[in-house]
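Below you'll find the structure, written out as C-alpha cells, and then a few comments.
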Amino acid sequence: EDGDPGQAAEALAGSRAAQSGLDSWAEALDAGRDISRLSPLRRDGGATYDRLSRLQVGVDRATRNLRVLARRVVFSLETDEQLPAGVVVELRRLADVLDVLRHDPEGEPPAELLALAAELDPDALGTTGLSASVVVAQLRSAVVDLLVATGTSVPQARAALPPLH
C-alpha cells in the first residue's frame, strides 16, 4: 500500500519462512492418518483427516501462489512499475480475508472470500502491464485454493471468479 519494496520483501521472506511449518503440518497429518488406521481406539473413518488434509493442501497451495505474487510485487516496486490502485485494494481485501480465515479456518468459506473472488476481473482492475497481470493471476489462483481449502469444490471455486475475456 505504501509502495515500499522493503515491506514487500519482508512479506516475501515471511512467506518463505512459513513453508517449513506447512511441511511439518503435512507430515503431522500423515502420521496421524497412519496412527488412526492402525489403532482401533483412534479410528474416525478418516473424515477428520480428509478435512484437515484438504485445509493443509489448500493453504500450502495458496501460500505458494502468494509467494509468486509477492516476488512480482517486490520486482514491480523495485523497478517503479506501478500496480493499478484496484489491484492494491484487492490485496488489502485478501489480507482482511486471511485474518478471518486465521480465526476460523475450518468454517464455511467466508462471505468476504467469495466477494473478493467476484472482484478479480483483470480488465476491471486495469491490469495492462505484466506485473499487474501476474499479480492478479496469482491472486485468482490463491483465492481458488483458499475456497477449496474451506470446502468448496474446485469447479465451484473457479466459477466464483469472473470469466477471463
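The values are calculated or read from the model by the stated rules, or taken from the named source; none is laboratory data. Just so it is clear, the model here is predicted, and its values are computed rather than measured. So basically every Cβ, Gly included, is an ideal-geometry build from the backbone, and we count neighbours across all protein chains shown. Areas reflect the complete protein model, heavy atoms only, side chains present, ligands, DNA and RNA absent. Shrake-Rupley method; radii C 1.70, N 1.55, O 1.52, S 1.80 Å.
Annotations for the structure displayed:
- Helical runs (DSSP H, four residues minimum) scored at -39500 (n - 2.57) apiece and divided by the length of the chain put the mean residue ellipticity at 222 nm at -25000 deg cm²/dmol.
- Average accessible surface area per residue within the chain, 1.4 Å rolling probe, Å²: 56 Å²
- Taken as entire DSSP H runs, the helices of the chain that both span 20 Å or more between Cα atoms along their own long axis and average 0.5 or more on the Kyte-Doolittle scale are 85-103, 130-149.
- Spin-label model, T48 to D104: label points 7 Å out along the Cα-to-beta-carbon direction sit 2.2 nm apart.
- Theoretical FRET efficiency, 1/(1+(r/R0)^6), r = Cβ-Cβ of R37 and V154, R0 35 Å, to 0.05: 0.85
- Across the chain, C-alpha contacts under 8 Å between residues 6 or more apart give a mean separation that, scaled by the residue count, equals a relative contact order of 29 percent.
- Modelled label reach - E1, point 7 Å along Cα→Cβ, segment 79-111 residues with backbone N closer than 13 Å: 88-97
- Between the residues S53, V88, A70, the greatest Cα displacement towards the positive end of the dipole of segment 18-165, with unit charges on the Cβ of Lys, Arg, Asp and Glu, is found for S53.
- Segment 71-127 shape via C-alpha gyration tensor axes, a/c threshold 1.5: oblate
- Rg in Å to one decimal, and Dmax rounded to a whole Å, for segment 92-154 via C-alpha atoms: 12.1, 36
- All Cα pairs of segment 1-147, percent lying beyond 21 Å: 49 percent
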